Amino acid sequence: MKIVVNTSRKQGKISKYIYGQFAEHLGRCIYEGLYVGEDSDIPNKNGMRADVVNALRELQIPVLRWPGGCFADDYHWRDGIGAKETRPYMVNTNWGGVVENNHFGTHEFFELCEQLDTEPYICGNVGSGTVQEMRDWVEYMTFDGDSPLANERRRNGREKPWKLKFFGVGNENWGCGGNMRAEYYADEYKRYATFIRNYGEEPIYKIAGGPNNGDAHWMETLMQNIAHMTDGISLHNYSFEESWSNRGNASVFDEKGYYLLMENALSIEKNIKLHEAIMDRYDPENKIALIVDEWGNWFEVEPGTNPGFLYQQNSMRDAISAMLILHIFHKHAKRIKMANIAQMVNVLQAMILTEGDKMVLTPTYHIFRMMKGHMDGESVDIDYDCGTAGVDGIEVPKISMSASKKDGILTISMCNTSLSEDEEIEMCLSGDSYTDTNAELLTSQHMTDCNTFDAPETVKPTNLNISFENSTLKLTLPKMSAAVITLKNE
């Protein structure tokens, strides 16, 4: 297979926020996963798990969405401030019916963001909250002057306001966020967004609750009614093995299940194109971003676990599908300015799994770490023609590739979806001269291979052998693998 990468043909910036993360009060994502409390025997800093935070810092996470998800429209921020022993308990009716003690609230979230060196993205409560509750929360977090709310924040231990760039006005308001009609939500959005004041130097980037999958009417309605008042509109799109009613198992599947997941993951582009076309009619200058703030693979929970905790394993299949979708986001980076995989720890397509004091990095974690060179890179033209892979009439592209450059470094990511065939690649680099190559490969013996607490390094990156001479790269991309190559300018 011959490939041409033309680094002089720029195709737009890949926003770093496409590599965002999502942490909801769901299952063991926050408690046990990210937060164990100051008194825990598990090493922590101000209650945040040191091992998990240190691992996540390697990803250079650009933005973290919190507190939900469905939980956001049931969350009242005042329950999560002040002395922990006086914070009221609540029942998390969305996820497992467990008791939430609110020990992880606003101050703890910003502490986590500071430890991760990431920007916060807060999702406000439209479904069961009030306009005043939302506007008060924004003032509490971001006002530096003399006001009752700012002074309350100071009494709770934070003198200076936090920097808050992103704020979501509700979540899935077509479903768990209130079962609203698009027209009703559009009116509610305008009412709530009016009172999200800009107390700091940088205006808050307002994100409206957008459509589910391919709901064109929802997007059309928002673009007709709120385009003058929003910076971004969200899109939620999950991938299954076959359908919502046949989601499949995360670590027990056959070849057909493998390729069905790839086919389903790739179908996100159909929904992206649908919504882009609508947005283009009302906003040809791309002032309003498409924010894919929930995406990833959603399988049945692991046997014996709480169905409401959404705990699933993570295999090579997840790693390859993640690269496929990230490449689609790169391709549509003119409109997509943020994406947040669901979720960061112990939930759905997680980066990390924990059990007590044990921690494992998932194959998806390795993909995000390997691909971080694309963040804020300039996408460049890459020309290739590949065949297909599949079984039983299911066909997906065999090879997926993306290339970008930043600060004199060219990053090339690629994956081979085939379960049976390696791919011999000859890649010509034109436009610039490069040297000092580095290449990582992620693959494993079986498509169902996972990292477990007993075998935490079953799937891990290794060096990829390549040859580079006269601006030509040659390599063998193994079956069922993902690779990232970096080259520096001479």
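The values are calculated or read from the model by the stated rules, or taken from the named source; none is laboratory data. Note that the coordinates shown come from a computational prediction; the quantities given were computed from them, not determined experimentally. Because the Cβ atoms are built from the backbone with ideal geometry, glycine has one as well, and the counts that use them run over all protein chains shown.
Check ALA333 against each of (1) touching a Ser or Thr at 6+ places or on another chain (Cβ under 9 Å); (2) among the small types (Gly, Ala, Ser); (3) more than 28 Å from TYR31 (Cβ to Cβ); (4) part of a helix (DSSP H, G or I) and name the one condition it does not meet.
(4)
Could you grab me the full set of residues in segment 468-490 that are without any contact (Cβ under 8 Å) to a residue 12 or more places away in the chain and assigned to a loop (DSSP other than H, G, I, E, B)?
If the condition is that a residue be without any contact (Cβ under 8 Å) to a residue 12 or more places away in the chain and assigned to a loop (DSSP other than H, G, I, E, B), then ASN470 is the only one that fits.
Provide a single number: the residues in segment 1-31 that are of a type outside the set (Val, Ile, Thr) and not in a strand (DSSP E or B).
Final tally of qualifying residues: 12.
Please indicate, with yes or no, whether at least one residue in segment 202-220 is basic (Lys, Arg) and not in a loop (DSSP other than H, G, I, E, B).
yes
Filter segment 387-418 down to the residues that are surrounded by 17 or more Cβ atoms within 10 Å (Cβ to Cβ) and part of a loop (DSSP other than H, G, I, E, B) and list them by number.
LYS398, THR417, SER418, listed by residue number.
Within segment 258-272, can you find the residues that are among the charged types (D, E, K, R) and more than 16 Å from LYS398 (Cβ to Cβ)?
GLU269, LYS270
Residues ASN44, ASN6: which one is of a type outside the set (Val, Ile, Thr), under 30 Å from TYR434 (Cβ atoms) and more than 22 Å from the chain's Cα centre (by Cα)?
ASN6
Right, ASN94: closer than 20 Å to GLU172 by Cβ, in the same structural domain as ARG154 (by TED's automatic domain parsing) and surrounded by fewer than 22 Cβ atoms within 10 Å (Cβ to Cβ) or not?
yes
Yes or no, residue by residue, for (1) of a type in the set (Ser, Thr, Tyr); (2) surrounded by fewer than 20 Cβ atoms within 10 Å (Cβ to Cβ); (3) touching a residue at least 12 places away in the same chain (Cβ under 8 Å):
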{"site": "ASP231", "(1), (2), (3)": "no, yes, yes"}
{"site": "GLU241", "(1), (2), (3)": "no, no, yes"}
{"site": "GLY248", "(1), (2), (3)": "no, no, yes"}
{"site": "VAL252", "(1), (2), (3)": "no, yes, yes"}
{"site": "TYR258", "(1), (2), (3)": "yes, no, yes"}
{"site": "LEU261", "(1), (2), (3)": "no, no, yes"}
{"site": "LEU266", "(1), (2), (3)": "no, yes, yes"}
{"site": "ALA277", "(1), (2), (3)": "no, yes, no"}
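One residue is enough: does segment 332-353 have a residue meeting the conditions at positive phi and not aromatic (Phe, Trp, Tyr)?
yes
Going by the conditions given, is ILE341 assigned by TED's automatic domain parsing to the domain that holds GLU294 and under 16 Å from SER234 (Cα atoms)?
yes
In segment 185-201, what count of residues is obtained for those that are part of a helix (DSSP H, G or I) and small (Gly, Ala, Ser)?
2
Of the conditions (1) among the hydrophobic types (A, V, I, L, M, F, W, C); (2) touching a helix residue (DSSP H, G or I) at 6+ places or on another chain (Cβ under 7 Å); (3) without any contact (Cβ under 8 Å) to a residue 24 or more places away in the chain, LEU222 satisfies every one except a single condition; which number is it?
Single failed check for LEU222: (3).
This table checks each residue for (1) surrounded by 24 or more Cβ atoms within 10 Å (Cβ to Cβ); (2) outside the structural domain of SER239 (by TED's automatic domain parsing); (3) more than 26 Å from ILE291 (Cβ to Cβ).
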| position | (1), (2), (3) |
| --- | --- |
| GLY304 | no, no, yes |
| LEU310 | yes, no, no |
| SER315 | yes, no, yes |
| ALA322 | yes, no, no |
| PHE329 | yes, no, no |
| LYS334 | no, no, no |
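Return the total of residues in segment 51-71 being surrounded by fewer than 21 Cβ atoms within 10 Å (Cβ to Cβ) and within 13 Å of GLY356 (Cα to Cα).
1
May I ask you to verify whether SER234 is in the same structural domain as GLN312 (by TED's automatic domain parsing) and part of a loop (DSSP other than H, G, I, E, B)?
no
What pairs can you find where one residue is in segment 446-467 and within 14 Å of ILE352 (Cα to Cα), the other is at pLDDT 95 or above and among the charged types (D, E, K, R), and their Cβ atoms are less than 7 Å apart, with a gap of 6+ or different chains?
Partner pairs satisfying both residue conditions: ASN451/GLU457; PHE453/GLU355; PHE453/LYS358; VAL459/ASP449.
Can you tell me how many residues in segment 53-67 are closer than 28 Å to LYS206 by Cβ and in contact with a helix residue (DSSP H, G or I) (Cβ under 8 Å, 6 or more places away or on another chain)?
9
Kindly establish whether GLY214 is in contact (Cβ under 8 Å) with a residue 60 or more places away in the chain, buried (at least 21 other Cβ atoms within 10 Å of the Cβ) and either under 26 Å from GLU269 (Cβ atoms) or hydrophobic (A, V, I, L, M, F, W, C) (or both).
When the stated conditions are applied, GLY214 does not pass them.
Could you tell me whether any residue of segment 420-431 is buried (at least 17 other Cβ atoms within 10 Å of the Cβ), in contact with a strand residue (DSSP E or B) (Cβ under 8 Å, 6 or more places away or on another chain), farther than 18 Å from ILE320 by Cβ and among the hydroxyl-bearing types (Ser, Thr, Tyr)?
Looking through segment 420-431, none of the residues is buried (at least 17 other Cβ atoms within 10 Å of the Cβ), in contact with a strand residue (DSSP E or B) (Cβ under 8 Å, 6 or more places away or on another chain), farther than 18 Å from ILE320 by Cβ and among the hydroxyl-bearing types (Ser, Thr, Tyr).
Could you list, in sequence order, the residues of segment 419-443 that are part of a loop (DSSP other than H, G, I, E, B) and either at pLDDT below 85 or among the basic types (Lys, Arg) (or both)?
If the condition is that a residue be part of a loop (DSSP other than H, G, I, E, B) and either at pLDDT below 85 or among the basic types (Lys, Arg) (or both), then GLY431, ASP432, SER433 are the ones that fit.
Restricting to segment 458-490, give me the number of residues that are surrounded by fewer than 17 Cβ atoms within 10 Å (Cβ to Cβ) and of a type in the set (Gly, Ala, Ser).
2
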